[in-house]
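J.: Questions regarding the structure given below will be posed in turn.
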Amino acid sequence: MARSLDGASALVTGGAGLIGSHVVDLLLERGCKVVILDNLEKQTHRGGKPPRWIPKKAKLLRGDVRRKADLKAALKGVDFVFHEAAYGGFTPEISKYYDANVTGTARLFEAINEMKEKPRKVVVASSQAIYGEGAYRCAEHGMVHPGRRAAADFARSSWEPNCPSCGLAADPMPTPETVNADPWLPYSISKYGEERAALALGERFGVPTTALRYGVTYGPRQSLFNPYTGVVSIFCTRIANGLAPVVYEDGRQTRDFTFVGDVARANLFAAERPETDFGAFNVCTGRGTRVSELARLLARLLGREGLEPEIRGEFRPGDSRHLVLDGGKLAALGFAAQVPLERGLELFLGWLNAQGKVKEYFTSAERELRRWGVVKEGARR
């Protein structure tokens, strides 16, 4: 029997951010009483100021999932929890990923367990990053899951993984939930730890819980200030300022770019369906796009069609080559993404244009990324 959100009370952690804010909007449309818990991270929200899109009908609590007192205050009387708060990107702040994503989630469930009346459902934001590399199809061995690409391969600009069984070339394919998680970057490890903690603690405390593994999410309200995460906004702020978007490797790596409206809908879908309890589900389009193609498409949509991406052969150690998700598990329950990439980008750019002149922060951040060893130089060709 489905659980109805209509007229319920809900907590959205990270509810001022990209995904959380769209979840808030959908909940308000369903007549929910909504509480937002957000620390307004300065790297994402310029100056730590609340964004203009926070609805007056929602109650904003400025707090942090790393503080149990803040969580307990936000959880009072809540029927549903949408746990979107996270720290992400490519930075050297390793301990912060774990503290915010893993320990913050553990604190959330500690606080839930101390409640007299527990929430009816918790939906947790996981990530496609937990897979590490995506799935591939080998002509001889079928679906395979290559491990992390070797540093030596990166250094000589040998980008494509091979079949781990025979060493021959394999073709990328959509990655289903049956593929074992294999995270190896701080962020992806922390998201897998968050997912496992949430599902285990939810079951232990008798609170139905679902983890949603998002594709690369983009759309209106994506931070224009954070130069360490959000490829669509990073590319756009460079293009809008007449600068070529910087693309790593050879630009032919693929990702599953998923519109934020579809991701928000998936949250409400999962919250209402007991079939998703204690499971992990991909939220995606199932379609891969080359990163260089994304850059060219954005340049065309922004009226700078001749602005080619800057491809220097640089790389980020530990990055995935091809990671496109298989959404069949949610589709079997009746959910599918609806917004194609070009339409989603048009919606994002409509919002971007309404923001006035945008600044570009990636250039200065890139120097730090190199200094930290997050970005390295490949072989010259």
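Every number in this text was worked out from the coordinates using simple rules, so none of it is lab data. Computed from a predicted structure; not experimentally measured. Because the Cβ atoms are built from the backbone with ideal geometry, glycine has one as well, and the counts that use them run over all protein chains shown.
J.: Can you tell me how the range 1-77 classifies by the Cα gyration tensor, rounded, prolate or oblate, using a/c under 1.5 as the rounded cut?
T.: Verdict is oblate for the range 1-77.
J.: Separate question: Among DSSP beta bridges whose residues both lie in the chain, state the antiparallel percentage, nearest 5.
T.: 20 percent
J.: Can you sort Cys138, Cys32, Cys284 so the residue with the fewest Cβ neighbours within 10 Å comes first? Write down the numbers at each step before the final one.
T.: Details: Cys138 19, Cys32 22, Cys284 30.
In increasing order of surrounding Cβ atoms, one gets Cys138, Cys32, Cys284.
J.: With axes computed from alpha carbons, what is the tilt in degrees of helix 260-272 against the longest principal axis of the chain, rounded to the nearest 10 within 0 to 90?
T.: 40 degrees
J.: Using Cα pairs under 8 angstrom and six or more residues apart, how large is the relative contact order of the chain, in percent?
T.: Across the chain, relative contact order equals 19 percent.
J.: Relative contact order for the range 147-271 using alpha-carbon pairs under 8 Å, separation at least 6, rounded to a whole percent?
T.: Rounded, it is 21 percent for the range 147-271.
J.: First check a/c for the range 113-242, with a ≥ b ≥ c the square roots of the eigenvalues of its C-alpha gyration tensor; if it is under 1.5, answer rounded, and if not, answer prolate when a/b is larger than b/c or oblate otherwise.
T.: Judged from the Cα gyration tensor, the range 113-242 comes out oblate (a/c at least 1.5, b/c at or above a/b).
J.: Using Cα pairs closer than 8 Å and at least 6 residues apart in sequence, work out the relative contact order for the range 251-379, in percent.
T.: Normalised by residue count, the contact order of the range 251-379 is 34 percent.
J.: Okay, next question. Taking other Cβ within 10 Å of each residue's Cβ, how do Tyr98, Tyr187 sort, fewest first?
T.: Neighbour counts put them in this order, fewest first: Tyr98, Tyr187.
J.: Would you mind putting 172-180, 356-364 in packing order, based on average other-beta-carbon counts within 10 Å, highest first?
T.: Ranked by mean Cβ neighbours within 10 Å, highest first: 172-180, 356-364.
J.: Can you tell me the 0 to 90 degree angle between the C-alpha axis of helix 186-205 and the longest principal axis of the chain, rounded to 10?
T.: It works out to around 30 degrees.
J.: Let me ask another. Over what distance in Å are the Cα centres of the range 1-73 and the range 230-294 separated?
T.: 21 Å
J.: Could you name the lysines whose alpha carbon sits less than 23 Å from that of Lys68, not counting residues in the same chain fewer than 8 places away?
T.: Lys33, Lys42, Lys49, Lys59, Lys76, Lys96, Lys116, Lys118, Lys121, Lys191
J.: Give me the one-decimal nm value for the distance between modelled label points at Lys359 and Leu28, 7 Å along each residue's Cα-to-Cβ direction.
T.: Going by the 7 Å Cα→Cβ label model, 2.8 nm.
J.: How much length, in nm to one decimal, is gained on full extension between His141 and Ile94, taken as 0.36 nm per residue of separation minus their Cα-Cα distance?
T.: Here the segment from His141 to Ile94 would lengthen by 13.3 nm.
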